[in-house]
Structure formats: structure tokens, C-alpha cells
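Step one of this worksheet: look at the structure below.
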Amino acid sequence: MSGYNFAFLDEQTKRMIRRSILKAVAIPGYQVPFGSREMPLSYGWGTGGVQVTASLIGPDDVLKVIDQGADDTTNAVSIRSFFVRTTGVRTTARTREATLIQSRHRIPETPLRAGQVLVFQVPIPEPLRWLEPREAETRKMHAVEDYGAMHVRLYEDITRHGKVAQTYDYPVRVNGRYLMRPSPIPKFDNPKLDRNPALLLFGAGREKRIYAVPPHTSVQSLDFEDHPFEVETWREPCALCGAAGVFLDEIVVDDKGGRTFVCSDTDHCAERRGRRSGIRP
Amino acid sequence: MTDESPLLSVRGLTKRYGAHLGCLDVGFDLWSGEVLGVVGESGSGKTTVLNCLAGSVEPSGGTALYQQRDGRRVDVLRMAEAARRRMLRADWGIVHQNPRDGLRMSVSAGANVGEPLMALGQRHYGRIRGAALRWLETVEIPVDRVDDLPSTFSGGMQQRLQIARNLVAQPRLVLMDEPTGGLDVSVQARLLDLLRSLVADLGLAAIVVTHDLGVVRLLAHRLLVMRRGEIVEAGLTDQVLDDPHHEYTQLLVASVIHP
Amino acid sequence: MTVTAPPALEILGVEKTFVLHAQGGARLPVLSGVTLAVHGGDCVVLADPSGAGKSTLLRAAYGNYKPQAGRILVRHGDNVVDIVSAPARHVLEARRRTLGYVSQFLRVIPRIPVLDVVAEPLRAMGLPKGIARDRARLVLTRLHIPERLWGLSPVTFSGGEQQRVNVARVFVADYPILLLDEPTASLDAESRALVVELIREARAAGAAILATVHDTAVRAEISTRTVMLEDLAA
């Protein structure tokens with residue numbers, strides 16, 4: 001591994017990103033612009049998350065990378081091997097062992113602890129973009145807490161469908177102040193954001209924004225008093241480990257439409273079954 | 001007669017567009033429960049005055065002291081943008097000439113009326129919807145249209161919806177720009193009736209900018225006549241229209257075609 | 001008769017000249033220094049021929065015309081308001097509670113039924129809709145406007161009916177000062193008598209009335225004093 005700095009980015013860039021992260025931590029939920037760099041993976045594949053991880057990772061870190069809850073899917077595998085090649089840092093599939101976790105679209109089922117950092121990959125950071133295409137305008141809306149329109153959207157859902165239609169990337173209010181998109185995690189995971197002891201960081205590479213939820217910060221999913229926020233439920237437990245109260249993936253098993261439900265979080269599932277899944281770095 | 005201080009005091013309001021004068025040295029007071037009409041032809045500066053107050057145009061000079069609910073007076077022309085937007089949301093309403101400028105065309109009528117309540121922090125779907133239904137009734141929109149999109153409404157109905165959206169949060173001051181412009185005569189009449197009774201029932205203060213003397217005759221207690229950016233005459237509406245003193249006012253009044 | 005109470009309406013040196021800019025600034029002097037006092041219980045009738053400025057004086061007293069000079073003092077509650085120089089909202093307040101004005105011209109707002117047209121002055125005073133409408137019904141009945149018309153807009157009414165609505169609008173409330181400009185115009189004998197009855201009752205209740213009346217018989221029935229403007233001029 002010659003010619004590259006530790007974790008690919010040069011130290012100046014890391015410093016710049018860390019400054020943005022500090023600002024983000026100081027203002028929970030607020031989107032901080034940063035000088036997003038060209039990374040050796042395409043936009044839409046986690047460049048923001050990778051830059052956040054790269055600016056934080058040190059030789060003593062233990063890195064876990066997941067995609068949709070699994071350690072062994074394409075995106076997770078390629079990002080993990082990128083970091084192994086550029087840092088030589090130890091990697092793990094076990095949530096409990098990791099100090100730094102980069103995730104696409106899920107929060108691990110195993111509760112996080114103080115000292116851990118969870119980095120989310122974010123496609124669109126702006127929760128009001130559906131309403132207002134102008135960046136200058138959405139910034140003003142955040143500045144004056146002009147969030148009525150977001151509730152209008154929920155109102156419309158309830159009017160048309162009897163309930164809120166959004167099931168992932170469900171908007172939240174951070175620290176009672178900023179409206180935030182938690183990235184396309186299922187709404188099932190939203191409650192895990194609230195007062196989490198770990199540091200939660202969000203990186204959007206294409207949109208060049210970083211935001212953060214510091215440990216033990218209140219994160220409330222938007223709802224109405226008479227239509228409170230609800231998470232998904234399944235009628236059956238995981239077919240492999242029997243876990244209930246976790247997020248399950250639906251898997252089609254035959255051509256007749258037979259289906260089974262298994263844990264989305266592969267590490268959690270394996271742990272329950274008492275086995276270790278092998279990861280090839 | 002109790003003499004409370006005015007809700008809004010404007011002094012020296014001036015707007016220059018380079019060499020062209022938008023408005024010059026405009027001043028007036030507005031009390032609660034009063035409707036002030038501002039009339040003039042195109043280019044008179046009446047819309048400029050409204051835009052300066054609404055914040056869509058930056059004035060070249062002048063003050064506009066507004067008495068907030070807590071009694072403190074603030075110059076709205078010098079407010080920080082964030083504070084001004086908050087005040088506009090909570091205290092003022094703006095009824096645009098084209099209702100599409102004042103509505104969200106892509107969400108239902110009920111959502112349009114409910115939004116100001118949601119923006120002020122109300123979080124009970126049932127109560128918000130109830131308030132929206134009551135307001136639709138007040139502005140004479142059939143309540144079974146609560147879930148319809150405004151794009152399916154006639155122009156007059158869209159305008160009534162815009163009025164409901166502006167009044168639901170009980171503003172203290174409403175700015176109106178040609179509220180009946182572009183509507184059929186019979187539709188205009190109906191809308192004016194509605195505005196008249198709402199203003200009286202709610203004790204609103206309003207500034208109505210229009211070129212239509214019939215509108216101010218019906219709606220406004222007092223009148224400002226503007227020409228080329230300046231106020232040329234002011235007074236009680238019926239006095240200015242029935243006994244015009246200024247040459248231009250006389251011309252304006254004489255030009256109205258009586259049915 | 002010695003009068004100890006101050007006059008309800010005092011017109012002092014009022015001058016009114018119309019300047020017609022469209023006619024090259026032509027000046028039309030109508031009132032030159034009119035002085036006149038009207039006390040509660042008094043009904044002063046102006047008896048000049050047409051064109052002398054009687055309507056102009058009444059309109060000036062209501063604040064509808066603005067004189068060039070003079071004062072028009074109106075006793076409004078415990079205060080005195082000079083209609084000529086007072087700020088607009090004080091004049092409006094005086095109109096709301098103190099000054100009733102019957103003119104020949106009913107400005108009709110289409111779609112408003114006559115019951116609400118007549119109830120409106122009471123609503124403006126703050127009375128609830130139910131009570132205002134009840135009183136409107138009473139006065140409409142007294143003026144023989146049939147109930148079947150109460151829900152209609154006066155737009156379609158005859159001249160006589162519209163005039164009775166004009167009168168009803170003012171007599172529904174108990175204004176301390178009444179300005180009546182030809183209150184019985186376009187009315188037949190029966191209706192004239194009804195209006196005269198209302199005027200006499202108001203006068204007996206202590207209202208100060210300034211009126212112009214063409215009909216000498218009506219004049220005789222209502223006036224306590226008949227004057228000519230030309231005699232009142234400076």
C-alpha cells in the first residue's frame with residue numbers, strides 16, 4: 001500500500017472534515033457544509049460516509065461495515081476492503097467489538113455503548129427538499145423553524161391513507177430544534193436514535209453535508225398526538241434465530257411465492273445462533 | 001374616546017429603483033379593527049408600499065413601527081429576517097392577488113388551511129382538521145371539498161381558500177393586494193361581502209391595495225390616494241370619494257363607470 | 001324656554017366651496033359661515049329651496065363632506081368631537097354611536113338581505129346578531145315592510161320600499177343626533193305618517209334632529225324650529 005496516506009485522505013482534508021464534524025456535533029441535526037472530495041467510489045455508494053470514517057479512523061480502531069444490516073453484501077464488502085487496504089485496521093462483524101461502524105440503511109440491533117461511533121451514508125440530507133428545491137430557501141426555513149410544511153405532508157398522508165406513508169428516512173426533530181433526515185433507515189430504527197449513548201454521524205458526499213446527533217440527544221419522530229408514530233411489526237419471528245422485535249427481511253424462497261422472514265442484522269442473528277460468520281477482508 | 005396607540009405607524013417610507021421612484025415619503029397610521037384602502041392607478045406606488053411592508057422589497061428609507069402582542073413596538077423594516085418571518089407567520093396575513101401565490105396547489109384544501117396551525121406547533125390531526133372544516137364553512141366553500149386540491153377549484157373559491165388560510169391563525173393585520181382582481185363581477189361581490197363581515201367579526205386591521213374604488217367603498221374605513229409614488233389625499237373613505245379635494249382624486253372618482 | 005344643557009350638535013361658521021379642477025378650477029361656494037345649534041329634543045328643519053346647500057350641510061355634519069372652515073361639534077358620550085378636524089377613526093366612532101344619517105341614497109350591497117342591512121348598525125355597536133335582528137324586525141314591521149321581503153336584498157325594492165329601509169336602518173338604533181335629508185321622499189301618505197311617528201318618538205326621547213323636509217305638512221308635524229340657511233350665514 002504505497003503512495004496513499006493513512007485512510008486515503010491527506011491530513012489537511014481530514015482536519016477540515018473533523019472541523020465540520022465538530023460543528024455538527026455542536027449543533028445537533030444541523031447540516032454543516034464540507035469540502036467533499038473525489039473518492040474511489042461513485043456518488044450514491046457512500047462517499048460521504050467513507051469520508052467521515054476516513055477522517056476519524058485511527059490505527060487502534062476496530063471497524064465494522066454493514067449494508068442493509070449485513071456484513072457480507074457488496075457495498076459493505078468493498079468499503080471494508082478499501083479501509084483495510086488504506087489503514088490495515090482490524091475489522092469485525094461483531095457490533096459489540098467495533099469502535100467505528102459505517103452503515104448503509106440500518107442501525108444494528110445490538111444496543112450501542114458510549115465510545116462507539118456510528119456513521120450513516122446519506123443520499124439526500126435536506127428533509128424539505130421535496131417541498132423547496134432552493135438551498136437558500138431551505139436554509140432560511142431551518143433558521144426560522146419554518147417546519148409547518150413537513151407536518152402538512154404527514155397530514156396529507158393521514159387524509160389519503162389513514163396513516164403516514166413514509167416508512168424509511170422518516171423525518172425527526174433533533175434536540176427539539178432541527179428537522180433532520182436520518183438517512184434511509186427503516187422507521188423501525190428511529191427509536192434507536194433517541195438518546196443513544198453512541199455518537200451518530202451522517203455524511204452526504206454528493207450533497208457535501210455532514211450532520212450529527214451527539215450522545216444522549218433527544219430525537220423525536222414527527223407525528224400527531226392522535227396519530228402517534230408507530231414502528232413496523234411482523235407476525236412471525238426470524239426463521240433462523242427466532243428473534244422477535246427485530247427488523248426482518250422478507251425472502252422469497254420458491255417460484256410459488258413462498259416466503260420466509262429472517263433477521264436483517266446478520267451479526268445479531270449469528271450471535272443468537274451461537275455462531276460466528278466468517279468475514280474475508 | 002380612548003386613544004390607544006396605533007397598531008402600525010409608517011413614516012417616510014421611500015423606495016427608489018435607481019432614478020425611478022417607487023414610493024416617496026409615505027406615512028400613515030393603522031389602528032386595530034380598521035381597514036385602510038390604498039388606491040391609485042398602475043405606477044402609483046401602492047403595490048410598492050405593500051411589498052415594502054410584506055418584506056418582498058427592501059425600502060430605501062422609512063420606518064414602520066408595529067405594536068406586537070406583548071405591547072412592544074418594533075420597526076418591521078429593520079427586523080432581522082428570521083424574526084420578521086416569524087412575525088409574519090404568527091401575526092400578519094398576506095392575501096395575494098393571484099391565489100396561487102398564496103396557496104400550496106399540490107396539497108389539499110384542508111392541508112392548506114391547517115398548515116398555519118401546524119406551523120405554530122399544533123399537533124392534533126383531528127382538531128386541525130376540525131378547524132379547517134369550520135373555516136371552509138366560514139368562507140363558503142362546501143366542506144366536502146376539504147380533501148380536494150386547490151387546482152380543482154374555481155378562481156373565486158381559490159381566493160376564498162387563500163383568505164381562510166390567512167385568517168385561521170388569527171392574525172392581527174392582513175395585507176391584501178387586489179383581493180378581487182381577476183374575478184367575475186358576481187364573484188367579486190360575494191368575496192367582498194365575505195371580507196367585510198370577517199373584518200368586522202374578527203376586528204382585523206387590514207391594508208387593502210386596489211385600483212377599484214368600488215372595493216374600497218365597501219371594505220375600507222379610510223383611504224389613501226396615491227399618484228406617482230406619493231399620497232395626494234387621505235381621509236374617510238366616503239369623504240374622499242364623495243367630496244374629493246385633490247385634482248387627481250376628482251379625476252379618479254369621475255372616471256368610475258357607474259352601472 | 002331656557003336651555004341648561006349644552007347643544008348636542010353645534011355648527012360654527014362652516015364654509016364649504018366646491019373646487020372643480022376638471023372645469024379649470026371653477027369654484028362653487030355653497031355654505032358661507034353657517035352657525036346653528038341643535039339641542040336634545042329639538043327638531044330643526046331647514047326650509048330653503050333646492051340648491052341652497054341643505055344636503056351639503058347635513059353631509060358636512062356627518063363627515064361626508066369636508067368644509068374649508070368652521071367647526072361641527074358633536075356631543076359624543078362625555079366628549080365633544082369636531083367632525084371637521086377630528087381624525088377619521090373618531091368620526092367613525094361618532095357615526096357608530098351618536099350620529100344617525102338618513103339620505104335618499106341607499107347604497108345597496110347586493111346579496112345582503114334587508115333584515116341584516118337594518119340590523120347592521122346595531123352589530124357595529126357590538127350587539128349580538130340575535131338581538132340586532134330582533135330589533136330590526138320590530139322597526140321593519142313598524143314601517144310596514146312585509147316579512148316576506150325580509151330575506152331579500154333591497155336591490156329589487158321599489159323606491160318607496162328602499163326609502164323605508166333607509167329610515168329603518170337609522171331608527172333601529174337610538175341615535176342621540178339624527179341628520180335627516182328628505183326622510184319622506186318617494187313615500188306615499190301612509191308611509192309618510194309612519195316615518196313621522198318614528199321621528200316624533202325620537203324627538204320625544206331627547207334626540208337632537210336636523211332635517212331637510214320639502215313637504216310643508218310633514219315639516220309642521222315634526223319641527224320645533226324652522227330656519228333658512230341664508231339667515232344662518234355669516
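The values are calculated or read from the model by the stated rules, or taken from the named source; none is laboratory data. None of these values were measured; they are calculated from a predicted model. Cβ placement follows ideal geometry from the backbone for every residue including glycine, while neighbour counts extend to all protein chains displayed.
Answer with yes or no whether A:Thr13 is more than 18 Å from A:Leu118 (Cα to Cα), polar (S, T, N, Q) and in contact (Cβ under 8 Å) with a residue 24 or more places away in the chain.
Criteria met by A:Thr13.
Looking at segment A:111-122, is at least one residue within 14 Å of chain B (Cβ to nearest Cβ) and in contact with a strand residue (DSSP E or B) (Cβ under 7 Å, 6 or more places away or on another chain)?
Among the residues of segment A:111-122, not one is within 14 Å of chain B (Cβ to nearest Cβ) and in contact with a strand residue (DSSP E or B) (Cβ under 7 Å, 6 or more places away or on another chain), which makes the answer no.
Among (1) free of Cβ contacts under 8 Å to residues at least 40 places away in the same chain; (2) among the charged types (D, E, K, R); (3) under 27 Å from C:Glu10 (Cα atoms), there is one condition C:Asp116 misses while meeting the rest; what is its number?
(3)
I'd like to know if segment C:120-127 contains one or more residues that are of a type outside the set (Gly, Ala, Ser), surrounded by fewer than 16 Cβ atoms within 10 Å (Cβ to Cβ) and assigned to a helix (DSSP H, G or I).
The answer is no, given that none of the residues of segment C:120-127 is of a type outside the set (Gly, Ala, Ser), surrounded by fewer than 16 Cβ atoms within 10 Å (Cβ to Cβ) and assigned to a helix (DSSP H, G or I).
Restricting to segment B:54-94, give me the number of residues that are in a strand (DSSP E or B) and aliphatic (A, V, I, L, M).
Adding up the residues that qualify gives 4.
What do you reckon, is C:Leu180 within 20 Å of C:Leu46 (Cα to Cα), buried (at least 19 other Cβ atoms within 10 Å of the Cβ) and touching a residue at least 40 places away in the same chain (Cβ under 8 Å)?
Details: within 20 Å of C:Leu46 (Cα to Cα): yes; buried (at least 19 other Cβ atoms within 10 Å of the Cβ): yes; touching a residue at least 40 places away in the same chain (Cβ under 8 Å): yes.
Against the criterion (within 20 Å of C:Leu46 (Cα to Cα), buried (at least 19 other Cβ atoms within 10 Å of the Cβ) and touching a residue at least 40 places away in the same chain (Cβ under 8 Å)), C:Leu180 qualifies.
Out of (1) away from chain A (no Cβ under 14 Å); (2) in contact with a Leu (Cβ under 8 Å, 6 or more places away or on another chain), what's the single condition that is false for B:Val107?
B:Val107 satisfies every listed condition except (1).
Scan B:Gly130, B:Gly156 and give me the residue that is crowded, with 16+ Cβ neighbours inside 10 Å, more than 8 Å from every other protein chain (Cβ to nearest Cβ) and farther than 21 Å from A:Asp146 by Cα.
Exactly one residue qualifies, and that residue is B:Gly156.
If C:Leu232 satisfies all but one of (1) buried (at least 21 other Cβ atoms within 10 Å of the Cβ); (2) of a type outside the set (Phe, Trp, Tyr); (3) at pLDDT below 95; (4) more than 17 Å from the chain's Cα centre (by Cα), what's the number of the condition it fails?
That leaves (1) as the condition not met.
Any residue in segment A:203-213 that is β-branched (Val, Ile, Thr) and modelled with pLDDT under 95? Steps first, answer last, please.
If we filter segment A:203-213 for residues that are β-branched (Val, Ile, Thr), which is where we start, we get A:210, A:213.
Cutting the leftovers down to modelled with pLDDT under 95 gives us none.
No - not one qualifying residue is present in segment A:203-213.
Out of segment A:64-93, which residues are over 15 Å from A:Phe120 (Cβ atoms) and of a type in the set (A, V, I, L, M)?
Hits for segment A:64-93 are A:Ala70, A:Val77, A:Val84, A:Val89, A:Ala93.
I'd like the full set of residues that are out of contact with any strand residue (DSSP E or B) (no Cβ under 7 Å at 6 or more places or on another chain), of a type in the set (Lys, Arg) and modelled with pLDDT of 85 or more, limited to segment B:172-226.
Once the filter is applied, which keeps residues that are out of contact with any strand residue (DSSP E or B) (no Cβ under 7 Å at 6 or more places or on another chain), of a type in the set (Lys, Arg) and modelled with pLDDT of 85 or more, segment B:172-226 yields only B:Arg217.
Filter segment B:139-153 down to residues that are of a type outside the set (Phe, Trp, Tyr) and not in a helix (DSSP H, G or I) and give me whichever is surrounded by the most Cβ atoms within 10 Å (Cβ to Cβ).
Among those that are of a type outside the set (Phe, Trp, Tyr) and not in a helix (DSSP H, G or I), it is B:Ile141.
I need the strands (runs of 3 or more DSSP E) fully contained in segment B:166-259, keeping only those with at least 2 residues that are within 10 Å of chain C (Cβ to nearest Cβ) and either surrounded by 20 or more Cβ atoms within 10 Å (Cβ to Cβ) or touching a Leu at 6+ places or on another chain (Cβ under 8 Å) (or both).
In segment B:166-259, B:222-227, B:230-236 are the strands (runs of 3 or more DSSP E) which contain 2 or more residues that are within 10 Å of chain C (Cβ to nearest Cβ) and either surrounded by 20 or more Cβ atoms within 10 Å (Cβ to Cβ) or touching a Leu at 6+ places or on another chain (Cβ under 8 Å) (or both).
Return the only residue of B:Leu117, B:Leu136 being out of contact with any strand residue (DSSP E or B) (no Cβ under 7 Å at 6 or more places or on another chain), in a helix (DSSP H, G or I) and away from chain A (no Cβ under 11 Å). Give the steps one after another, and end with the answer.
Values: B:Leu117 fails: away from chain A (no Cβ under 11 Å).
Just a single option satisfies the conditions, and that option is B:Leu136.
Can you pull out the residues in segment C:198-234 that are assigned to a helix (DSSP H, G or I) and touching a residue at least 24 places away in the same chain (Cβ under 8 Å)?
Correct list: C:Leu198, C:Ile199, C:Ala202, C:Arg203, C:Ala204, C:Val218, C:Arg219, C:Glu221, C:Ile222, C:Leu229, C:Glu230, C:Leu232.
How about segment A:40-61: which of its residues are surrounded by 17 or more Cβ atoms within 10 Å (Cβ to Cβ) and not in a helix (DSSP H, G or I)?
From segment A:40-61, those surrounded by 17 or more Cβ atoms within 10 Å (Cβ to Cβ) are A:45-57, A:61; that's our starting set.
Those that are surrounded by 17 or more Cβ atoms within 10 Å (Cβ to Cβ) and not in a helix (DSSP H, G or I): A:Trp45, A:Gly46, A:Ile57, A:Asp61.
Check every one of the helices (runs of 4 or more DSSP H) wholly within segment A:92-211 and list those with 3 or more residues that are surrounded by fewer than 18 Cβ atoms within 10 Å (Cβ to Cβ) and free of Cβ contacts under 8 Å to residues at least 12 places away in the same chain.
A:135-143, A:148-161
So which residues in segment C:11-70 are hydroxyl-bearing (Ser, Thr, Tyr), over 27 Å from C:Glu201 (Cα atoms), in contact (Cβ under 8 Å) with a residue 12 or more places away in the chain and out of contact with any helix residue (DSSP H, G or I) (no Cβ under 9 Å at 6 or more places or on another chain)? Show your work before the answer.
Taking segment C:11-70 first, the residues hydroxyl-bearing (Ser, Thr, Tyr) are C:17, C:32, C:35, C:50, C:55-56, C:62, C:65.
Still in the list and also over 27 Å from C:Glu201 (Cα atoms): C:17, C:32, C:50, C:65.
Among the residues that remain, those that are also in contact (Cβ under 8 Å) with a residue 12 or more places away in the chain are: C:17, C:32, C:65.
Once the filter is applied, which keeps residues that are hydroxyl-bearing (Ser, Thr, Tyr), over 27 Å from C:Glu201 (Cα atoms), in contact (Cβ under 8 Å) with a residue 12 or more places away in the chain and out of contact with any helix residue (DSSP H, G or I) (no Cβ under 9 Å at 6 or more places or on another chain), segment C:11-70 yields C:Thr17, C:Ser32.
I'd like to verify a number: residues in segment B:59-90 that are more than 14 Å from chain A (Cβ to nearest Cβ), over 15 Å from B:Arg11 (Cα atoms) and in contact (Cβ under 8 Å) with a residue 12 or more places away in the chain, how many?
So the count comes out to 2.
Pull out all pairs, ordered by first then second residue, where Cβ-Cβ is under 8 Å, the residues are six or more apart or on different chains, the first lies in segment B:12-32 and is without any contact (Cβ under 8 Å) to a residue 40 or more places away in the chain, and the second is assigned to a strand (DSSP E or B) and surrounded by 15 or more Cβ atoms within 10 Å (Cβ to Cβ).
As it stands, the answer is B:Asp29/B:Leu8; B:Asp29/B:Ser9; B:Asp29/B:Val10, since those pairs meet every condition given.
Across segment A:150-184, what is the number of residues that are within 12 Å of chain B (Cβ to nearest Cβ) and under 18 Å from the mean Cα position of the chain (by Cα)?
Number satisfying all stated conditions: 1.
Checking A:Asp146 against (1) more than 14 Å from chain B (Cβ to nearest Cβ); (2) within 26 Å of A:Val32 (Cβ to Cβ), which test does it fail?
(1)
Quick check on segment A:212-229: of everything there that is in a loop (DSSP other than H, G, I, E, B) and within 14 Å of another protein chain (Cβ to nearest Cβ), which residue is surrounded by the fewest Cβ atoms within 10 Å (Cβ to Cβ)?
Top of the filtered list is A:Pro228.
It is to be established whether one or more residues within segment C:40-61 are under 25 Å from C:Thr216 (Cα atoms) and in contact with a Pro (Cβ under 6 Å, 6 or more places away or on another chain).
yes
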